[in-house]
Structures are given as structure tokens and as C-alpha cells.
1. Mind listing whichever residues of region 52-88 are touching a residue at least 60 places away in the same chain (Cβ under 8 Å) and either within 15 Å of GLU14 (Cα to Cα) or surrounded by 13 or more Cβ atoms within 10 Å (Cβ to Cβ) (or both)?
2. Quick test of your reading of the structure: ALA32 fulfils all but one of (1) of a type in the set (A, V, I, L, M, F, W, C); (2) assigned to a loop (DSSP other than H, G, I, E, B); (3) in contact (Cβ under 8 Å) with a residue 12 or more places away in the chain. Name the failing condition by number.
Amino acid sequence: MNPLQALCDLPLVESAFAIDAEGRLVALVPHAFFTAAVLASAAERLRTFSLVVDDNFDSIDEVIFQFDRHVLYARRMNGVTVCAVTREQPSIGILRMAANAVAKSLAIRPAEKSAGPAAFAVTSTVPPPATGGPVKKKKGGGIWG
């Protein structure tokens, strides 16, 4: 059984996928609208976003993207990023618990990283910015002290 099915069994979750540190799909549960091609594209963009954030700010383990009627929830741990596409606003606590369990079952072990290419190779097509870019986050500043 696909470990991501546990996420898809939650209320409001329509599809799920997982990517490794290089942005390759390692598992997916497609949906009629969220096909494998759509999820591969989302994985590519999520990987690009993750690289930008990690290079310019503190590393993030969890992110939520709100769209018109859908939410993309992503949780990174154990060398894998588990993602769920939901309708409306889901219970983040329940999603987090399920994503943690899925990430543990899909954990990327060092020996598996060199096992060969994944079934879906995802490469970035977004060029780096020509000039400038985000300003590095200053420690101790902002509203959170």
C-alpha cells in the first residue's frame, strides 16, 4: 500500500505526493485534476522555493500555500518532503501528524540516495534572478524579536 494513502484518507485531502531532497517524486497519489504531470510540476516549483528559502533565510520544515479553493501543505523531515493538496482549509494539526507518520515510512536513508534515478525526474527550469534578490533575514529583528 502507498504510504501517502493515509494522507488522502483524511477529510478534504484530494491528492498527495512526496519528493526527495533533489526534488524527485518518490511517491504520489494522483487525482483526476491533480495528475502525475501536475504533481511533478508542483514538486519542481516547491523544490525551487525551498532552495531560495534555504539559501536566503532560515530553513523551513513546514509551509502552507493558500490558493483560491485549494491548499498545498508541505512538511519536510527525514530527507523527504510530504505534500498534500486539500480543498479549503484543512486541520493543520491532523495533516501534520499524518505527514510525520508518512515521512517516517518514506525516510530517505543514506544508502538509498545513490540507488539511481527516481521514477519521475524533476529538474528546475526557473533561472536564478539576474540581479539582487531577497535580503537575508537579520537575527533578532522583526516582530518576533
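No lab work stands behind these numbers, since they all come straight from the coordinates. Predicted model, so just to flag it, every value in this text is computed and none were measured. Every residue, glycine among them, receives a Cβ derived from its backbone with ideal geometry; neighbour counts consider all protein chains shown.
1. Across region 52-88, the qualifying residues are VAL52, VAL80, THR81, VAL82, CYS83, ALA84, VAL85, THR86, ARG87, GLU88.
2. Here ALA32 meets the rest and fails (3).
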